[in-house]
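Asks: Okay, handing you the structure first.
The numbers here are math on the coordinates, done by the rules we state, and not lab data. Because the structure is a prediction, the values reported are computed rather than measured. All Cβ positions, even for glycine, are placed from backbone atoms using ideal geometry, and neighbour counts span all protein chains on display.
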Amino acid sequence: MSVLLRKRKNADGSISLRLDIYNNGQRSIETLKHLKLKKVSNVADREINKHYLQQAEAIRVTRAAELEANSYNMASDAGKKTIVTVWMQNYIDGYTKKDKRNLEGALNRFKDYLAEIKKQGLVFGALTSLHIEDFIDYLEANSIGEGANSYYSRFKKMIKQAYRQRVLKENVLDFVKRKVKGKAKKKDILTLTELKKLSSTPIESSEVRRAFLFCSVTGLRWCDVKALTWSNIDLANKQMLLTQSKTDSEVIIPLNDTALKLLGIPEPKEPKSQKKGFSYPIKKDLVFTLPSANGANKTVKAWVRRAKIEKQITWHNARHSFGTNLIFNEVDVLTTSKLLGHTSMKHTQRYVDASNEMKENATKAINIDL
């Protein structure tokens, strides 16, 4: 029973890596296609190859641990000697779900924590509950709002996976007593009056203007509006159908007159009707042509300052504004939750709280000095 890392030189000078797995007299081969070594032509290539070899070795150690664990029903010595961050990076490289970027963020912060305590080579055999509790403290001290909670949630996901793969003999999380206390940072929202004011204020990019206001009246996230195509738009029924990137949930959002106007096309009276000389967009075409997220946010911040709105606004505030304005205008919580595509009603509660605060501020404006 063994797992060997093999190299095979290719015609183009690159090197393919594979694992030869021997178990109970049977041989199987696992090709590590995503870890092909480059033909070295500069220092950068050499560093990349070094990183790939580390990942390949982590996979080899993990496969050996899985074989031994299956045979002896215990975590192997190989698993105990596996470097935690190397194993996590390998796990993320093969991860295909929507929250991959969140896992990478959690790993980066764990690396920063290990660098601070000078234990970058920490192995699973030396990982203790005290390390994890100290990591929680590190997250709370270096994160804003729900950040600490979000990163720790992804970190736990990877630790649990390591335990399931028998790299860990026992689930170290069972011994962690600390809980993350990070609370959501209060987010500014734009009222309908402020959105109207913003709409009439000059901006450098008409596409950013259209898309941001569209998000404000539909609740779309940046990742969804950036990738929105005309195939998601049902003009005949005045609605938008899409699968949200973050939650993988399907939502149907009615398009009001403002949203239709922001789309910039005439409303058809019948599904196949068309104004003379006008061609409706091809379904695969993007609805909005937008810059990078950073570029769009810089444009929005400058736009808000120009409108003399004293609030901290980024792209995601458009979605928060949509949810809060729905509740403020007496739309019930369940409907609001469905329009936002929330997977839990607790996510919608923040909009209820923000709406109540708006109502409280509104009543203060009509105080009578008696």
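Asks: Greater than 31 Å separation of Cα atoms is the criterion. Which listed pairs, K119/K298; K308/K338; K197/K238; K9/K111, meet it?
Replies: Check vs 31 Å cut-off fails for K119/K298; K308/K338; K9/K111.
Asks: To the nearest 0.05, how large is the calculated FRET efficiency for S249 and R101 if R₀ is 25 Å and r is the Cβ-Cβ distance?
Replies: In this case the efficiency is close to 0.90.
Asks: Test of understanding: express the Cα radius of gyration of region 103-185 as a ratio to 2.2 N^0.38 Å, with N the residue count.
Replies: 1.04
Asks: Packing-wise, with mean Cβ within 10 Å as the measure, how do 203-212, 298-307 rank, highest first?
Replies: Taking the mean over residues of other Cβ atoms within 10 Å, the ranking is 203-212, 298-307.
Asks: Treating cross-link reach as a plain straight distance, find the aspartates and glutamates whose alpha-carbon is under 15 Å from the alpha-carbon of K181, omitting any fewer than eight places away in the same chain.
Replies: E133, D134, D137, E140, E146
Asks: Also: Cα-Cα over 23 Å: which of K156/K179; K100/K301; K156/K177; K97/K177?
Replies: Pairs exceeding 23 Å: K100/K301; K97/K177.
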